[in-house]
1. Could you pull out the residue among Arg90, Arg82 that is of a type outside the set (Gly, Ala, Ser) and modelled with pLDDT of 95 or more?
2. Every residue in the stretch 47-71 that is aliphatic (A, V, I, L, M), closer than 29 Å to Glu15 by Cα and without any contact (Cβ under 8 Å) to a residue 40 or more places away in the chain, please.
3. For the stretch 29-53, name all the residues that are more than 18 Å from Ala87 (Cα to Cα) and either hydrophobic (A, V, I, L, M, F, W, C) or surrounded by 15 or more Cβ atoms within 10 Å (Cβ to Cβ) (or both).
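The values are calculated or read from the model by the stated rules, or taken from the named source; none is laboratory data. Since we're looking at a predicted model, the values are computed, not measured. So basically every Cβ, Gly included, is an ideal-geometry build from the backbone, and we count neighbours across all protein chains shown.
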Amino acid sequence: MSLPPAMQTVNFDIEKAALTLRHLANPTRLRIALHLLHGEQSVAQLEATLQIRQPNLSQQLAELRDAGVVSARRDSRAVIYRLADDAQHRLISALASGFGDTTMTVARPQAAPLPLPHRNHSAHFAIIRA
């Protein structure tokens, strides 16, 4: 079955879009991305705010990083996450507003420089001291 002529000339990478949406279809990863609309957060902050255990959180963040949804940078011993770019910020904002949450559509905060290099299938773990 072929696509209609209007759909044959799409001006974006459909495979990348499908992969991104597949990663965001996971409720935990979507919650993380929605939370990062408000600005960058450390793993410890995300863990406390979202009530997600650190090993699971790190795994989900690695999936989002591999999909290009989030980026990370190291600040001393903490790893700080944020939405990767303006396109990801617009996508997550659109998802939030499309499902009725107008409180989530906020202006993209200024991001700090120097993201960590992109690594496939790796997770970063926060150091938590009692």
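1. Values: Arg90 fails: modelled with pLDDT of 95 or more.
Arg82 is the lone residue from the list that is of a type outside the set (Gly, Ala, Ser) and modelled with pLDDT of 95 or more.
2. Within the stretch 47-71, Leu57, Val70 meet the criteria.
3. Filtering the stretch 29-53 for residues more than 18 Å from Ala87 (Cα to Cα) gives 41-53.
Answer for the stretch 29-53, where residues must be more than 18 Å from Ala87 (Cα to Cα) and either hydrophobic (A, V, I, L, M, F, W, C) or surrounded by 15 or more Cβ atoms within 10 Å (Cβ to Cβ) (or both): Gln41, Ser42, Val43, Ala44, Gln45, Leu46, Glu47, Ala48, Leu50, Ile52.
Here's the yes/no breakdown for (1) surrounded by fewer than 19 Cβ atoms within 10 Å (Cβ to Cβ); (2) more than 20 Å from Leu19 (Cβ to Cβ); (3) in contact with an Asp or Glu (Cβ under 9 Å, 6 or more places away or on another chain):
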site: Gln60; (1), (2), (3): no, no, no
site: Val69; (1), (2), (3): no, no, yes
site: Arg77; (1), (2), (3): yes, yes, no
site: Leu83; (1), (2), (3): no, no, yes
site: Ala94; (1), (2), (3): yes, no, no
